[in-house]
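None of the figures in this text is laboratory data; all of them are computed from the coordinates on show. None of these values were measured; they are calculated from a predicted model. Note: ideal-geometry Cβ built from the backbone for every residue, glycine included; neighbour counts use all protein chains shown.
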């Protein structure tokens, strides 16, 4: 992508209507634009990051036999009445449609997936079943002030699993726990994200959150210093020692919740009479689990963790591009060689943002640091005199010269 054509603008100063680090950096870097409190547009750079995160999540869900679907965001009141949540789900955004019918903008999809599964699951032979989507959700959030970490409109991956018995649910639940850990590793948050015990709700003693250690976190967690299991503040009093290793050595820290998983049991299958016939022909209620993860919230968490005083430092797998290529000066030969290098790298499938604009070197470097692409390649009269280009990693001080005929191999 040539930067002269890129539909974005960077900002020298922090926007006055943002407080959170992720919102400030993502806005200044030209990734997002604020429409209203908790409502953001994703600009080309931001959408590339978001799609990369979504594709990592999608890839790992498919590896766990998940089948992708897409359910409606607009949900009729009747399904919410069936679970009794129309009047007690505080964040539900309600609206009227033609004929004075009540609808909600979906904040979650248990009320949609359960009647859908009823049409797909008839016998034990149809189980287990794993369905997931990446969808836009809506919540009437009263405190939309933390950038992408707390919004009123947001993307969410939710996978629902359907089982014949609790033993089968337990096996898949553990598989998903390990899958989530892998997702956060691929997104660059593996070392700072902890499996965290939380209240289990109606079906089990614990559910599990995935909490990323960060100064901006609104949650407090306690990390066991022996086994690295964490405990949510709301249940810490019940666990003076670690339930896993019995250690009482905990570290208290702030964290951002980036995912959660629950064993639902029959909480949402029973209201919709979601049953199956077992091997003996007897009807049994389907056992369910759910597994949530917000891609744009994860993007905000990455921006909070991977940054320095100059801007964002994107982990390579989620970065909008791998290479930020720059031509310095107005020499025709520099432009010619940089164009050639751009064509070569893109033809080999390497993602390149090419700063082909006529700007001073200092301005280009400052914008590059703000945007945070992992590698910077600079072509100038000085480098061409040595038949080389300058290569620098975003978070490194050292710069090295790479021969022009070896740069593609070096980057791979």
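Listed values, structure above:
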| quantity | calculated |
| --- | --- |
| DSSP beta bridges in region 323-411 [antiparallel fraction, %, rounded to 5] | 50 percent |
| Centre separation in Å (Cα based) which lies between region 105-140 and region 310-374 | 43 Å |
| Whole-angstrom gap from region 235-258 to region 148-223, using each part's C-alpha centre | 16 Å |
| Computed helical MRE - 222 nm, the chain, DSSP H runs ≥ 4 contributing -39500 (n - 2.57), nearest 500 | -8500 deg cm²/dmol |
| Net lengthening on full extension, residue 316/residue 273 (0.36 nm per residue, minus Cα-Cα) | 10.9 nm |
| Within a Gaussian network of the chain (alpha carbon springs, distance under 10 Å), most fluctuating of 239, 296, 260 | 239 |
| FRET efficiency, 1/(1 + (r/R0)^6) with R0 45 Å, evaluated for residue 332 and residue 220 via beta carbons | 0.15 |
| Efficiency of FRET between residue 241 and residue 191 - r from beta-carbon atoms, R0 25 angstrom, step 0.05 | 0.50 |
| P(r) of region 96-232 over all Cα-Cα pairs, binned every 10 Å from zero, in whole percent | 9, 29, 37, 19, 6, 0, 0 |
| Stretch gain in nm, segment residue 124-residue 346, where the contour uses 0.36 nm per residue and the Cα spacing is subtracted | 74.9 nm |
| Projected label distance in nm at residue 116 and residue 284, using a 7 Å step from Cα toward the beta-carbon | 2.5 nm |
| Max mean-square fluctuation residue, GNM over the chain, Cα-Cα springs under 10 Å, options 166, 27, 212 | 166 |
| At R0 = 25 Å, FRET efficiency that the Cβ-Cβ distance of residue 361 and residue 16 yields, to 0.05 | 0.25 |
| Helix axis angle, 295-305 relative to the chain longest principal axis, alpha carbon, degrees | 50 degrees |
| Additional length obtainable on full extension of the chain from residue 41 to residue 98, 0.36 nm per residue less Cα span | 17.7 nm |
| Label-point separation, residue 249 to residue 177 (7 Å along Cα→Cβ), nm | 2.2 nm |
| Ratio of Rg to Rh over region 323-411 (Cα coordinates, Kirkwood Rh, two decimals) | 0.91 |
| Inter-label distance for residue 145 and residue 403, nm, one decimal - labels placed 7 Å from Cα along Cα-to-Cβ | 5.9 nm |
| GNM result for the chain, Cα springs below 10 Å: residue of 30, 99, 46 fluctuating most strongly | 99 |
